[in-house]
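Below is one structure, written out as structure tokens, with a few remarks after it.
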Amino acid sequence: MTVHLLLLLAALAAPAAAHDFWIRPDSFAPAPDSPLAVRCFVGEQGVAGEPVARNDARLLRFELLGRGGRAAARPVVGQDGAEPAGAVRVPDDGAAWVVFENTPARLELEAAKFEAYLREEGLEAILARRAARGESDRPSREVYARCAKALLRPGGVVRESDAAVVLAPVGLRLELLPEADPETLAFGADGAELRVRLLFEGAPLAGALVKATLLAPHGPTGEPAAPAVALPFSAPAATGLHARTDAHGRVALRLARGGEWLVTCVHMLAAEGEAATDHDYESLWASLAFAAM
């Protein structure tokens, strides 16, 4: 059995809800004005993942945003059920985001798995709520949605005008926003600090657990080309790879070295009113993928 298969089986053995979702283009520095395949993955914090086929029935947004903003957005086109999930031509006019957002899907987990998932994602407030209501032994009824984006740099060229795109929100309901262009990070012996702001419905979100990890290398088919190189959170070189946002929604993560990185966060809300008759909780899963060399 290959190392990759062992990693993938280990990831799939975890609760389904604990799987991150991210955008992985065939290149973060694509050739300008050439077709670029865009893949979506689920897996364990970028370590072992499997491609996700396109599902048009749930798509809200799958587009390329550059200097022109939403008015000039290009759709990431593709065939329903296909993998890669889509393709797009990236114009040669500076940095651009691939943005993905979908409608909620339903998920039910037995109590022990749901409680483990809440602890893993730092959702202690929900754990406490369940305990206070005597629901810790009750299975979950949840709806969840993805809010993902990936930063592209056509031709690998960094322009002064890129900041206007890189530092601006793209309008995801839950969004991880870099506060400096990742391509400007200067890696030293102790790595480099990435500062990120977390927004929920456009406002800073405090107290949320944000994680970062290196993405595993991948081959032309989207499958990992070598064993994962992600750094465990407990390793000395990985200090700062998970932290909670402050009162202004800001968090600092110390990246150990350059590479292709994934930043993730989960936010969960208790259902209210009519929605509570259908589900108990709603979760939003945000991800930010980029290359920093």
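Descriptive notes on the structure:
- All positions within the range 80-125 that are over 27 Å from Pro169 (Cα atoms), under 17 Å from the mean Cα position of the chain (by Cα) and assigned to a loop (DSSP other than H, G, I, E, B): none
- Complete set of residues in the range 256-282 that are over 17 Å from Ala145 (Cα atoms) and touching a helix residue (DSSP H, G or I) at 6+ places or on another chain (Cβ under 9 Å): Ala256, Arg257, Trp261
- Residue match in the range 233-255 (condition: of a type in the set (Phe, Trp, Tyr), at pLDDT below 90 and over 20 Å from Leu151 (Cβ atoms)): yes
- The set of residues in the range 130-183 that are assigned to a strand (DSSP E or B), in contact with an Asp or Glu (Cβ under 7 Å, 6 or more places away or on another chain) and closer than 17 Å to Val196 by Cα contains only Cys147.
- Within the range 78-102, if we keep just the residues that are free of Cβ contacts under 8 Å to residues at least 60 places away in the same chain and surrounded by 21 or more Cβ atoms within 10 Å (Cβ to Cβ), the residue that is farthest from Arg58 (Cα to Cα) turns out to be Val88.
- Any chance Arg61 is modelled with pLDDT under 95 and not in a helix (DSSP H, G or I): no
The values are calculated or read from the model by the stated rules, or taken from the named source; none is laboratory data. Given the structure is predicted, the values throughout are model-derived calculations rather than measurements. Neighbour counts run over all protein chains shown; Cβ positions are idealised from the backbone, glycine included.
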